[in-house]
Amino acid sequence: MNTEITLYRGDIPTGLTLAATIAVDTESMGLNPIRDRLCLVQLSTGDGKTHLVQFEPGDYAAPNLKKMLVDPAITKLFHFARADLGMLAHYLGAMPKPVYCTRIASVLARTYTDKHGLKDLAHDLLGIELAKEQQTSDWGAPQLTQAQLNYAAGDVLYLHRIKDKLDNMLVREHRAQLAQAVFDCLPARVELDLAGWENVDIFSHKIM
């Protein structure tokens, strides 16, 4: 898919209207939201266009982006939403709702495999090979390379098509309602993560 990439600094423009379902991803300096700063947020409606927001250290005002993320009329579509929600909640102070997670949908629908990464889903469901070489690059650099921008765009470009495939499978296997229930509780799970219970199964009989 050819893509049009638009890069913004600090926020999306006032009045930018996308769609009822927006694919969202984040890039950061690491996987720990307390330690590793948020650097980039990617948005797409699945139409070949991506909107990237780059953040300077400590500057996370972004009122327009925050408004979009918490808009109850817009579904925010993620892959491995738990990690992205933690970053967005910690740095932007905005917990996206409602949400859909393609990784959770894959785990529930594709029980014949243990491969649920975004690269696996793009390959298995769409026949698309995603390059992941830039995954561990320096996302905090003041100027991102074209390779980084292309990689970041790729993480949101195909989520709508993947969601459509997974939705069909969830309905076929009678697990759509279960998936929705899990999506609905994701913000609470992330709040537990940020509060220090990230490695604790609170439903377990044995709590350490």
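Taking 0.36 nm per residue of separation and subtracting the Cα-Cα distance, full extension of the segment from Trp197 to Leu126 would add 22.0 nm.
Placing a label point 7 Å from the Cα of Asp47 along the Cα-to-Cβ direction, the residues of the range 2-22 whose backbone N falls under 17 Å from that point are 2-7, 13-22. For the range 45-116, chymotrypsin sites (Phe, Trp or Tyr not before Pro) meeting the loop criterion (DSSP other than H, G, I, E, B) and having at most 14 other Cβ atoms within 10 Å: Tyr112. Gain on full extension, evaluated as 0.36 nm per residue between Ile5 and Ala181 minus their Cα-Cα distance, stands at 60.0 nm.
Within 10 Å, Cβ to Cβ, of Cys101, how many net charges do the neighbouring residues add up to if Lys/Arg are +1 and Asp/Glu are -1? Display every interim value, and only then the final one.
On the way: positive: Lys76, Arg82, Arg103, Lys163; negative: Asp84.
Once all neighbours under 10 Å are counted, the net charge is +3.
Note on Ala20 and Ser204: with the Förster distance fixed at 45 Å, the Cβ-Cβ geometry gives a FRET efficiency of about 0.75. Using the Karplus relation 6.51 cos²θ - 1.76 cosθ + 1.60 with θ = phi - 60°, the per-residue 3J(HN,Hα) values for the range 162-176 come to 5, 4, 4, 5, 5, 4, 4, 5, 4, 5, 4, 8, 6, 10, 5 Hz, with x marking Gly and Pro.
Order Ile202, Ile12, Ile104, most accessible first, counting only protein heavy atoms with a 1.4 angstrom probe. Mind dumping the intermediate values first?
Details: Ile202 80, Ile12 5, Ile104 35 Å².
Largest accessible area first, the residues go Ile202, Ile104, Ile12.
Sorting Thr21, Thr14 by solvent-accessible area of protein heavy atoms yields Thr14, Thr21, largest first, with a 1.4 Å probe.
Tell me whether the range 67-167 comes out rounded, prolate or oblate; compute the Cα gyration tensor, take square roots of the eigenvalues as a ≥ b ≥ c, and use a/c under 1.5 as the rounded threshold. Walk me through the intermediate numbers first.
Working: a/c = 1.92, a/b = 1.09, b/c = 1.76.
It comes out oblate by the Cα gyration axes.
For the range 1-49, rounded, prolate or oblate, judged on the Cα gyration tensor with a ≥ b ≥ c (square roots of eigenvalues), a/c < 1.5 rounded, else prolate if a/b > b/c? Could the numbers behind the result be given before it?
Details: a/c = 2.13, a/b = 1.75, b/c = 1.21.
The shape class here is prolate.
Among beta bridges from DSSP that stay inside the chain, the antiparallel ones total about 50%.
Ordered from largest to smallest accessible area (heavy atoms of protein chains, 1.4 Å probe), the residues Trp139, Trp197 come out as Trp197, Trp139.
The region of the chain that goes longest without hitting one of the GluC sites (Glu not before Pro) in a DSSP loop, each with at most 15 other Cβ atoms within 10 Å, is 1-128.
The values are calculated or read from the model by the stated rules, or taken from the named source; none is laboratory data. None of these values were measured; they are calculated from a predicted model. Here the Cβ is made from the backbone with ideal geometry for all residues, glycine too, and neighbour counts use every protein chain on show. Accessible surface areas use protein heavy atoms only, side chains included; no ligands, DNA or RNA. Shrake-Rupley method; radii C 1.70, N 1.55, O 1.52, S 1.80 Å.
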